[in-house]
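The values are calculated or read from the model by the stated rules, or taken from the named source; none is laboratory data. Only a predicted model underlies this, so the values are computations on that prediction, with no experimental measurement involved. With ideal geometry, Cβ positions are generated from the backbone for all residues, glycine too; neighbour counts draw on all protein chains shown.
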Amino acid sequence: MTDALAPMYRMPVSFGPAPGPRNLPIDKRHLRFERQTTTLSLSALTDADQLGRLLPDGFVLRGEQRLTVNVLNLTGIGWLAGRGYNILMVRFPAAWEGGERVEGDFVPVVWESMTDPILTGRDELGWCKINADIPDLRECDGTWTGSAAWEGYRFFEAQAEGLVATDVNPDPAPLLFQKYVPCTGDWGTADVSYPTATGNEAAAPELVSAERGTGRFAFRAARWEDMPTQYPIVNALAALPLADFGPAILLRTSGGGDAGGQRILK
């Protein structure tokens with residue numbers, strides 16, 4: 001079936017073109033943008049100096065410094081033959097000031113609950129994806145809860161309540177990333193290091209419903225013993241002071257792009 005795939009490659013390369021979210025077999029390409037998504041978004045005011053230390057060279061902070069977390073449950077994903085997975089994304093307002101200026105939200109880390117989207121997103125898009133156990137959002141008696149854990153250590157919790165229907169019409173800012181690939185054997189040196197940004201998508205998601213309420217979230221500091229490869233990430237986020245929590249927004253959408261418009265920033 002490899003002759004039905006576009007010539008896109010990633011490791012292991014011995015087996016020819018690699019299928020994925022942007023490379024489906026010819027007879028399955030109509031499924032590319034199929035998915036249903038439930039997204040809980042929460043934000044809080046935080047310290048600009050501490051956020052600024054998370055930015056790679058060439059990026060600057062912009063606007064009010066609010067840390068936003070998005071917990072996403074994805075189901076019925078076409079490129080995964082109907083399977084799903086969950087996401088925890090961290091973002092805050094920033095801009096790239098290189099040969100061009102691009103304003104958006106810088107994303108220092110994305111956790112996902114499945115290996116396949118992590119590998120395709122890191123290699124093809126330059127998204128900073130790592131693994132965590134992220135259960136589905138849960139609603140009980142009007143309260144929504146979300147969490148993330150690594151090997152049993154729960155490092156993130158979120159809660160939202162009082163959600164009522166709203167006419168929020170999301171107009172998301174571009175997502176900004178730093179793609180980095182280390183040079184094998186020359187540790188501390190990059191084979192690849194450049195900024196990327198999401199672009200125009202071939203398919204915009206259809207808004208099914210939107211609700212607004214109140215909510216809070218928190219990151220829990222970890223020891224090396226708790227998360228030996230991720231503790232610096234979690235601890236940097238746990239150290240951020242959180243105040244003036246913004247509204248909790250719960251969106252249900254259908255379809256949507258797969259970041260195929262991702263581009264390198266100049």
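Would you tally the residues in segment 221-241 being surrounded by fewer than 18 Cβ atoms within 10 Å (Cβ to Cβ), out of contact with any helix residue (DSSP H, G or I) (no Cβ under 6 Å at 6 or more places or on another chain), of a type outside the set (D, E, K, R) and not in a helix (DSSP H, G or I)?
Going through segment 221-241 one residue at a time, the tally reaches 4.
Which pairs have Cβ atoms under 9 Å, sit 6 or more apart or on different chains, and link a residue in segment 176-196 that is within 26 Å of MET89 (Cα to Cα) to one that is exposed (fewer than 10 other Cβ atoms within 10 Å of the Cβ) and of a type in the set (S, T, N, Q)?
Close Cβ pairs (under 9 Å, with a partner that is exposed (fewer than 10 other Cβ atoms within 10 Å of the Cβ) and of a type in the set (S, T, N, Q)) amount to ASP191/THR184.
With respect to GLU64, determine if the residue is out of contact with any helix residue (DSSP H, G or I) (no Cβ under 7 Å at 6 or more places or on another chain) and closer than 19 Å to LEU125 by Cα.
On the way: out of contact with any helix residue (DSSP H, G or I) (no Cβ under 7 Å at 6 or more places or on another chain): yes; closer than 19 Å to LEU125 by Cα: no.
Taking the combined requirement at face value, the residue does not satisfy it.
From the residues in segment 11-40 that are touching a strand residue (DSSP E or B) at 6+ places or on another chain (Cβ under 8 Å) and touching a residue at least 60 places away in the same chain (Cβ under 8 Å), which one is surrounded by the most Cβ atoms within 10 Å (Cβ to Cβ)? Show your work before the answer.
Looking only at segment 11-40, we keep the residues that are touching a strand residue (DSSP E or B) at 6+ places or on another chain (Cβ under 8 Å), and these are 17, 35-40.
Adding the requirement that they be touching a residue at least 60 places away in the same chain (Cβ under 8 Å) leaves 35-40.
On the way: ARG35: 22, GLN36: 18, THR37: 20, THR38: 19, THR39: 20, LEU40: 25.
Step by step, filter segment 11-40, then rank; the result is LEU40.
Out of the residues in segment 81-97 that are small (Gly, Ala, Ser) and in contact with a strand residue (DSSP E or B) (Cβ under 7 Å, 6 or more places away or on another chain), which is surrounded by the most Cβ atoms within 10 Å (Cβ to Cβ)? Please lay out each step first, then the result.
Quick first cut of segment 81-97, residues small (Gly, Ala, Ser) only: 81-82, 84, 94-95.
This time we only want the ones that are in contact with a strand residue (DSSP E or B) (Cβ under 7 Å, 6 or more places away or on another chain), so: 84, 94-95.
On the way: GLY84: 16, ALA94: 25, ALA95: 19.
In this case the residue turns out to be ALA94.
How many residues does segment 221-239 hold that are within 19 Å of the chain's Cα centre (by Cα) and within 15 Å of GLU157 (Cβ to Cβ)?
3
Any idea which residue in segment 159-205 is modelled with the lowest pLDDT, counting only those that are closer than 16 Å to VAL107 by Cβ and aliphatic (A, V, I, L, M)?
Across segment 159-205, the extreme among qualifying residues is ALA173.
Quick one: ASP258 ticks every box in (1) under 30 Å from GLU124 (Cα atoms); (2) surrounded by fewer than 14 Cβ atoms within 10 Å (Cβ to Cβ); (3) of a type in the set (Asp, Glu) bar one, so which box is it?
Result: ASP258 fails condition (2) only.
Which pairs turn up if I take residues in segment 41-58 that are at positive phi and modelled with pLDDT of 95 or more and look for partners that are crowded, with 20+ Cβ neighbours inside 10 Å and not aliphatic (A, V, I, L, M) with beta carbon separation below 7 Å, at least 6 apart in sequence or on another chain?
Pairs found: GLY58/TRP96; GLY58/PRO195.
Looking at GLY256, GLY215 in this structure, which one is in a strand (DSSP E or B) and out of contact with any Asp or Glu (no Cβ under 6 Å at 6 or more places or on another chain)? Full working, then the answer.
Values: GLY256 fails: in a strand (DSSP E or B).
One residue alone meets the criteria, GLY215.
For segment 118-164, how many residues are more than 30 Å from LYS179 (Cα to Cα) and loosely packed, with under 15 Cβ neighbours inside 10 Å?
As a first pass, look at segment 118-164 and keep what is more than 30 Å from LYS179 (Cα to Cα): 138-145, 159-164.
Narrowing further to those that are loosely packed, with under 15 Cβ neighbours inside 10 Å: 138-143, 162, 164.
Total satisfying the criteria: 8.
Report the residue count in segment 41-61 for those that are surrounded by fewer than 15 Cβ atoms within 10 Å (Cβ to Cβ) and assigned to a strand (DSSP E or B).
1
Say whether the condition of being modelled with pLDDT of 95 or more, outside any strand (DSSP E or B) and in contact with a helix residue (DSSP H, G or I) (Cβ under 9 Å, 6 or more places away or on another chain) is met by at least one residue in segment 107-115.
Going through segment 107-115, the residues modelled with pLDDT of 95 or more turn out to be 107-115.
Narrowing further to those that are outside any strand (DSSP E or B): 113-115.
Still in the running and in contact with a helix residue (DSSP H, G or I) (Cβ under 9 Å, 6 or more places away or on another chain): 114.
Checking segment 107-115: at least one residue is modelled with pLDDT of 95 or more, outside any strand (DSSP E or B) and in contact with a helix residue (DSSP H, G or I) (Cβ under 9 Å, 6 or more places away or on another chain).
Every residue, every condition in (1) free of Cβ contacts under 8 Å to residues at least 40 places away in the same chain; (2) among the polar types (S, T, N, Q); (3) over 16 Å from ARG91 (Cβ atoms), yes or no:
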site	(1), (2), (3)
PRO228	yes, no, yes
TYR231	yes, no, yes
ASN235	yes, yes, yes
LEU242	no, no, no
GLY246	no, no, no
GLY255	no, no, yes
GLY260	no, no, yes
ARG263	no, no, yes
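Determine whether ARG216 is basic (Lys, Arg) and touching a Leu at 6+ places or on another chain (Cβ under 9 Å). Outline the logic, then answer.
Values: basic (Lys, Arg): yes; touching a Leu at 6+ places or on another chain (Cβ under 9 Å): yes.
Judged against the criteria, ARG216 is a match.
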